[in-house]
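Here the structure comes first, spelled out in structure tokens, and everything after it is commentary.
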Amino acid sequence: MKLRLFSVIAIFAAFSIYTTIVVVNHGYTGFLELALTGGWGAQMFIDLSIALILFAIWMVPDARERGIPAWPYFLAILTTGSVGALAYLVHRTAKEQSLNSSKEGVVPFSEGLAR
């Protein structure tokens, strides 16, 4: 497995586990309590919202170009935030690596199983 793909998967897995722990302990909408307190909580919420909107704007044409359906990741971003964005990056990186392997004559693992 290439370092880039491994890194994206590791970050996705670690952040997903951490997010699950936080949601279990504080509830799905627990972040709103922090955001509504004002100050840094509100600033972080607005900052994350802007970053995710910009990511979604970039993701849609990028996904079209690569033949990846964007709508599942768009919904995931709306419901899970950064976890959805990281999931798209995992898919994008895995597909890119698979295409590069095919160009080099290497059969991707998933295609090797189908044979």
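Looking for whichever is without any contact (Cβ under 8 Å) to a residue 40 or more places away in the chain and over 15 Å from the mean Cα position of the chain (by Cα) here; the options are G84, G67. Which one fits?
Numbers: G84 fails: over 15 Å from the mean Cα position of the chain (by Cα).
One residue alone meets the criteria, G67.
Under 7 Å by Cβ, and 6 or more places apart or on different chains, what pairs join a residue from the stretch 46-62 that is in a helix (DSSP H, G or I) with one that is loosely packed, with under 11 Cβ neighbours inside 10 Å and at pLDDT 95 or above?
That search, which allows pairs on different chains as well, returns nothing.
Check F31, F15, F74, F55 and return the single one that is over 18 Å from the mean Cα position of the chain (by Cα) and surrounded by 14 or more Cβ atoms within 10 Å (Cβ to Cβ). Quick ask: steps written out before the conclusion?
Values: F15 fails: over 18 Å from the mean Cα position of the chain (by Cα); F74 fails: over 18 Å from the mean Cα position of the chain (by Cα); F55 fails: over 18 Å from the mean Cα position of the chain (by Cα).
None of the other options fit; the residue is F31.
May I ask you to list pairs of residues, at least six apart or on different chains, whose Cβ atoms are under 8 Å apart, with the first in the stretch 4-29 being basic (K, R) and the second being in a helix (DSSP H, G or I)?
As it stands, the answer is R4/T93; R4/Q97, since those pairs meet every condition given.
The values are calculated or read from the model by the stated rules, or taken from the named source; none is laboratory data. Every value quoted in this text rests on a predicted model; they were computed, and no experiment measured them. Neighbour counts run over all protein chains shown; Cβ positions are idealised from the backbone, glycine included.
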